[in-house]
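Novice: Please see the structure below; I have some questions.
The values are calculated or read from the model by the stated rules, or taken from the named source; none is laboratory data. This structure is a prediction, so every number in the text was calculated from the model and none was measured. Here the Cβ positions follow ideal geometry from the backbone for every residue, glycine too, while neighbour counts run over all protein chains shown.
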Amino acid sequence: MAIVTAIRNNALALGLFAVLTAGAIALTQSATREAIADNREQARAKALFQIVPTTAHDNDLVRDRYTLNRTQRLGYEGPVEVYRARTDGQVHTVILPAIAPDGYTGNIDLIVGVKRDGSVAGVRILRHQETPGLGDKVDVKKSDWVLSFNDQRLNGEDDPDWAVKKDGGRFDQFTGATITPRAVVGAVKQAVLTFEANRAALLEDTPLSSAEESTIKTTAGDANG
């Protein structure tokens with residue numbers, strides 16, 4: 001009887017240990033996910049203000065968002081939020097997220113700013129896994145290559161200039177690395193085309209109030225549905 005009781009107690013102790021361990025792991029994973037999400041949001045906000053500095057707009061850039069539903073060109077399967085910079089209520093720059101799915105080692109996440117006149121305000125890489133010393137030069141922290149998009153215009157979907165020089169375009173590739181810059185050029189091009197396809201809705205100039213902000217996703221979805 002004593003042996004049975006001991007076995008039962010040990011089993012209960014092991015079960016309790018397993019439950020506590022599982023709970024601790026779950027809490028740790030949850031905290032880690034939240035920390036990663038926070039870091040990504042901070043990185044995105046920093047990149048937004050690199051494209052449109054605080055002195056170049058008078059609205060809350062991070063909160064003035066519009067939801068696009070038709071986002072295949074941007075590399076997404078579902079709706080995405082874009083950001084709008086305004087001065088005196090007028091939208092002058094729209095910043096769209098995009099994914100280049102054809103990087104050398106996987107997806108490249110970026111944001112693309114497009115001015116009201118259709119020219120590029122700026123591009124920043126948010127996340128990538130490209131080869132250090134080669135493909136990672138698309139990151140502004142590694143080189144100024146991405147600045148070559150500034151003020152460029154796209155003359156239609158078949159514009160031959162929107163390619164790397166190896167493919168007959170205007171953008172440099174890197175020595176020993178053509179796939180990565182080619183992928184980024186393609187993603188930026190698709191972002192500009194998305195802007196043009198949704199120009200009227202994205203440049204709608206009615207300033208957002210705090211109350212209206214909560215309904216912007218719904219109205220944006222209706223406009224693009």
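Novice: Out of all the residues in the range 41-69, which are closer than 17 Å to D139 by Cα and of a type in the set (D, E, K, R)? Even if it seems obvious, please write down each step before you answer.
Specialist: Initial filter on the range 41-69 (closer than 17 Å to D139 by Cα): 42-51.
Once the filter is applied, which keeps residues that are closer than 17 Å to D139 by Cα and of a type in the set (D, E, K, R), the range 41-69 yields R44, K46.
Novice: Also: Provide a single number: the residues in the range 130-167 that are more than 26 Å from K115 (Cβ to Cβ) and out of contact with any strand residue (DSSP E or B) (no Cβ under 8 Å at 6 or more places or on another chain).
Specialist: Quick first cut of the range 130-167, residues more than 26 Å from K115 (Cβ to Cβ) only: 130-136, 166.
Of the ones still in play, those that are also out of contact with any strand residue (DSSP E or B) (no Cβ under 8 Å at 6 or more places or on another chain) are 132-133, 136, 166.
Number satisfying all stated conditions: 4.
Novice: Could you tell me whether the range 169-182 includes any residue that is modelled with pLDDT under 95 and surrounded by fewer than 18 Cβ atoms within 10 Å (Cβ to Cβ)?
Specialist: yes
Novice: Same structure, new question: Out of the strands (runs of 3 or more DSSP E) lying entirely within the range 41-129, which hold 3 or more residues that are charged (D, E, K, R) and touching a residue at least 12 places away in the same chain (Cβ under 8 Å)? Walk me through how you get there before you give the answer.
Specialist: On the way: elements: 65-68, 80-87, 90-103, 106-115, 120-127.
Per the criteria, 80-87.
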